[in-house]
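Below is one structure, written out as structure tokens, with a few remarks after it.
The values are calculated or read from the model by the stated rules, or taken from the named source; none is laboratory data. These figures come from a predicted structure and were not determined experimentally. Methodologically, a virtual Cβ is constructed for each residue, glycine included, from the backbone with ideal geometry; neighbour enumeration extends over all protein chains shown.
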Amino acid sequence: MGENILKDIQKQLGLAKLDIKYQPVTSQNRIPLVQNGTVDIECGSTTNNLARQKDAAFAYTTYVEEVRIAVKANSGITGIKDLNGKTLVTTTGTTSVQTLRKNKRADGLTFKEVMGKDHADSFLMLETGRADAFIMDGSILAANISKSKAPNDYKIVGEVLSVEPIACMLRKDDNAFKKAVDDSIARQIKDGTLAKLYDKWFLQPIPPNNVKIGLPLSAATKAAWDAPNDKPMEDYKVE
């Protein structure tokens, strides 16, 4: 999708060639790198929320994420109520455990929080028993489970902790660039490009190991595609 955005911008500008430089980012450094101009557009798994809008701009929502709980299948954990006294892992620079603490179902629960340096490290803590549950975006949990040595040993359980709009992050106060990005996303939604990409990466086997994530498109994401917008997380409600 990100490459399609840049192709559309290249076409709009009438350029014969547009040089693209890929910059690896982490949950910790993605916002600073956009702020200081190292990165022009970050298309990852970044949640659009009011706090981050103070530092960066966000394009139209391309995916609406649900924060969930991943556990070992034999753990006996089925939801928030079973997390009391447990060790929970999430990834540095993300907000998942803070989201759990704000959930009314977590009132009165006590748990230990540990941090993985990235999502793979967080899943490794669950895998090796250093954590009882991994709290993170459902798509990230599903992807890590699908790539694990024994996918059937894990499951995603319990309530949806939060609903979070995922969007490409841009530098603030560049309205022309944001419009170009938004226009490309709207085009990809309208002509079915985004739906085809979703099917390819979330529903079909992924080479070379033919891993299948198997995560159907949610009703919330369909709604965001039907009415493209850049609403922050705070505009979404979870019961």
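Some observations on this one:
- Qualifying residue in region 128-139 (condition: over 29 Å from THR193 (Cα atoms) and in a helix (DSSP H, G or I)): no
- For region 139-193, residues that are within 20 Å of the chain's Cα centre (by Cα) and either closer than 25 Å to LYS212 by Cβ or of a type in the set (A, V, I, L, M) (or both) total 29.
- Test: residue in region 161-183 that is on the phi < 0 side of the Ramachandran plot, modelled with pLDDT under 95, in contact with a Ser or Thr (Cβ under 9 Å, 6 or more places away or on another chain) and not aliphatic (A, V, I, L, M): yes
- Any chance PRO165 is within 20 Å of LEU141 (Cβ to Cβ), touching a helix residue (DSSP H, G or I) at 6+ places or on another chain (Cβ under 8 Å), of a type outside the set (Gly, Ala, Ser) and exposed (fewer than 12 other Cβ atoms within 10 Å of the Cβ): no
- Out of THR38, THR91, sole residue that is in contact with a strand residue (DSSP E or B) (Cβ under 7 Å, 6 or more places away or on another chain) and not aliphatic (A, V, I, L, M): THR91
- The test for being out of contact with any His (no Cβ under 6 Å at 6 or more places or on another chain), touching a residue at least 12 places away in the same chain (Cβ under 8 Å) and either of a type in the set (Lys, Arg) or surrounded by 13 or more Cβ atoms within 10 Å (Cβ to Cβ) (or both) holds for LYS172.
- Taking (1) over 21 Å from the mean Cα position of the chain (by Cα); (2) closer than 15 Å to VAL71 by Cβ; (3) touching a residue at least 24 places away in the same chain (Cβ under 8 Å) in turn, MET136 satisfies each apart from (1).
- Some residue of region 203-214 being within 26 Å of LYS237 (Cβ to Cβ) and either in contact with a helix residue (DSSP H, G or I) (Cβ under 8 Å, 6 or more places away or on another chain) or crowded, with 19+ Cβ neighbours inside 10 Å (or both): no
- Members of region 65-79 found to be modelled with pLDDT of 95 or more and of a type in the set (A, V, I, L, M), listed by number: ILE69, ALA70, VAL71, ALA73, ILE77
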